[in-house]
Amino acid sequence: MNQISSEQWKQLGQDSFDARLIAIIRRNHPEQARKMDFSATVGAFHRQAAKAQRYGLTDEHSAATYVYTAWLMGEEFDTRIPAIAQILNDRRMKAAEKARALGNFARLVFRTLSGGSATNDAARSAA
Amino acid sequence: MSMPSPPALGGPLGDALAGAEPAATQQLQQLAAPAADAASKAADLQSQAEAAAGAQAQQAIADAQAQAAQAQQQAQAAQQAAADAQAQAQAAVAKAQQAAAQAQADATGAAQQAQAQAEKAAAQAQAAQGQADAAAQQAQAQAAQAQQGLADAQSQAASAADSAAGAAEAAAANATKDLGSEFSNATPAGLPAVPCACGDCIRKAVDPAVPAIPGTPALPAMPAMPDMPAMPAMPAMPAMPAMPAMPAMPALPQMPAMPAMPAMPAMPAMPEMPAQPAMPAMPAMPAANGLPALPAMPALPALPDMPALPAMPAQPALPALPAMPALPEMPALPAMPATPALPAMPAMPAMPAMPAMPAMPAVPSLPSF
């Protein structure tokens with residue numbers, strides 16, 4: 001009877017995770033993806049996935065959100081951005097809440113940089 | 001010269017920062033600043049994201065409404081132009097009719113001239129009517145186009161209200177949606193995706209008692225099976241009679257060894273012998289002069305000629321053959337009982353053709369956990 005070792009099982013999971021994440025990046029960021037060598041990037045993905053585990057992002061959705069945010073923001077985004085560091089290091093927040101905060105932060109950053117003002121929008125909306 | 005490779009992570013932020021204005025960078029610092037605690041910062045980010053999405057949707061609606069108003073103005077202008085053209089045409093026709101009536105009423109010598117003028121005016125009126133019709137058609141087409149533009153603008157406004165994402169953050173927003181659909185929040189990171197969020201599947205996945213299930217190889221496509229003809233009935237087989245017992249076979253004695261045969265030398269060829277004529281019988285001869293008496297000799301028949309015999313090659317010696325052991329006696333075989341008759345087999349009906357079956361893909365083995 002064929003049996004898969006725990007190492008093979010882990011490798012299967014990691015390959016599946018990488019493949020789905022790369023597909024999402026290619027689909028939504030075709031310009032940047034075209035310039036990238038993903039075979040060299042998966043090592044960085046694995047390092048980021050390990051960091052996500054340390055922040056309590058243990059389910060694959062939260063971990064993938066963390067790795068994707070790292071791909072957008074850079075390797076040390078978790079320590080370089082004080083607000084993000086505050087959220088990730090909080091032990092009372094659930095993984096899903098942290099992942100949602102990462103997604104919101106990334107969207108607001110790119111909105112601000114593309115000319116829209118997140119804070120002005122908030123003020124206008126409140127008014 | 002080698003080009004510098006882009007950074008593995010952070011490329012999108014780098015690209016966006018490269019073209020950002022200083023004011024945007026200041027706003028980013030405000031966004032990145034921590035709050036009193038993590039939960040309030042997360043709530044702040046959530047409300048800002050919702051507000052940004054709402055503002056973006058409102059802006060899109062306002063843009064679409066402006067487009068719709070412009071399209072409506074164009075439609076009104078086109079309709080006005082059509083109405084003006086029709087009014088001009090009607091005025092020309094009335095003038096021509098008036099001229100014709102005046103010409104007919106005038107009975108003087110200038111009647112013919114007036115008639116010609118009237119006809120000319122009528123022709124002008126007809127041309128004006130044609131122009132007016134064309135202008136009206138064009139105005140109607142413009143009005144329809146403007147109406148279509150209005151409908152498009154309203155549709156854009158509706159879809160803009162649904163989509164909160166702007167162009168700048170669209171990729172990140174869509175990717176966030178994709179992450180939600182591609183990655184499970186019930187599966188631990190690092191395990192292959194489990195297509196169910198019930199939780200039981202995951203517990204099963206870490207249960208070491210579940211053995212691996214071997215995969216099944218792919219099955220090739222099955223060709224269509226032709227019609228099978230009907231099989232005729234098979235006749236009954238008669239009963240087989242009983243076979244009598246076979247008597248025992250006596251033992252065979254031992255065969256003695258055969259001695260070796262010496263080699264035979266080659267025989268030279270023999271020449272042909274001519275035929276010999278028959279010899280008559282010779283009477284007996286009495287003894288005389290010291291010679292013994294010779295008995296009578298019978299007649300000898302003629303001998304036919306003998307053909308030449310070819311030389312015979314030497315024959316090799318034959319080795320001795322060992323003695324053959326005695327064969328034991330064979331016991332008697334018991335009698336075989338009679339076998340009963342087999343009943344007749346009924347005819348089998350024809351089988352219909354079977355369609356081709358597609359190939360089945362291989363099923364991968366499931367691991368043990």
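Points worth noting:
- With 5 Å bins from 0: P(r) over the stretch B:264-359, alpha-carbon pairs, percent: 3, 7, 4, 5, 6, 5, 5, 6, 6, 5, 5, 5, 5, 6, 6, 5, 4, 3, 2, 2, 2, 1, 1, 1, 0
- Inter-centroid distance (Cα atoms) of the stretch B:316-345 relative to the stretch A:35-80, Å: 86
- Each Lys or Arg adds one and each Asp or Glu subtracts one; over the other residues with Cβ under 13 Å from the Cβ of B:G11, this totals -2.
- The order of the peptides A:81-89, B:285-293, B:33-41 by mean Cβ neighbours within 10 Å, most packed first, is A:81-89, B:33-41, B:285-293.
- The label point for A:T79 and the one for A:A50, both projected 7 Å from the Cα toward the Cβ, are 1.4 nm apart.
- Taking the C-alpha atoms of the stretch A:1-111, convex hull volume expressed per residue in Å³: 121
- Legend: mean number of C-beta atoms from other chains within 10 angstrom of residue C-beta atoms, peptide A:71-84, equals 5.
- Length released on extending from B:A344 to B:L294, taking residue separation times 0.36 nm less the Cα-Cα span: 8.6 nm
- Area hidden from solvent between B and A (accessible, protein heavy atoms only, 1.4 Å, total, Å²): 5800
- For the residues of B:28-37, the average number of beta carbons from a partner chain within 10 Å of their own beta carbon is 5.
- Residues along the stretch A:1-26 losing 30 Å² or more of accessible surface when the other protein chains are present rather than the chain by itself (probe 1.4 Å): A:M1, A:N2, A:Q3, A:I4, A:W9, A:G13, A:R20, A:I24
- Estimated distance in nm for a label pair at B:A43 and B:A323, the labels positioned 7 Å out from Cα along Cα-to-Cβ: 11.9
- For B:L252, residues with placed amide H under 5 Å, excluding near neighbours: B:L327
- Links that overshoot a 21 Å alpha carbon limit, given the list A:K10/A:K51; A:K10/A:K98; A:K51/A:K98; A:K35/B:K177; A:K10/A:K94: A:K10/A:K98; A:K35/B:K177; A:K10/A:K94
The values are calculated or read from the model by the stated rules, or taken from the named source; none is laboratory data. These figures come from a predicted structure and were not determined experimentally. With ideal geometry, Cβ positions are generated from the backbone for all residues, glycine too; neighbour counts draw on all protein chains shown. Just so you know, the surface numbers come from the protein's heavy atoms only, side chains and all, with ligands and any DNA or RNA stripped out. Shrake-Rupley method; radii C 1.70, N 1.55, O 1.52, S 1.80 Å.
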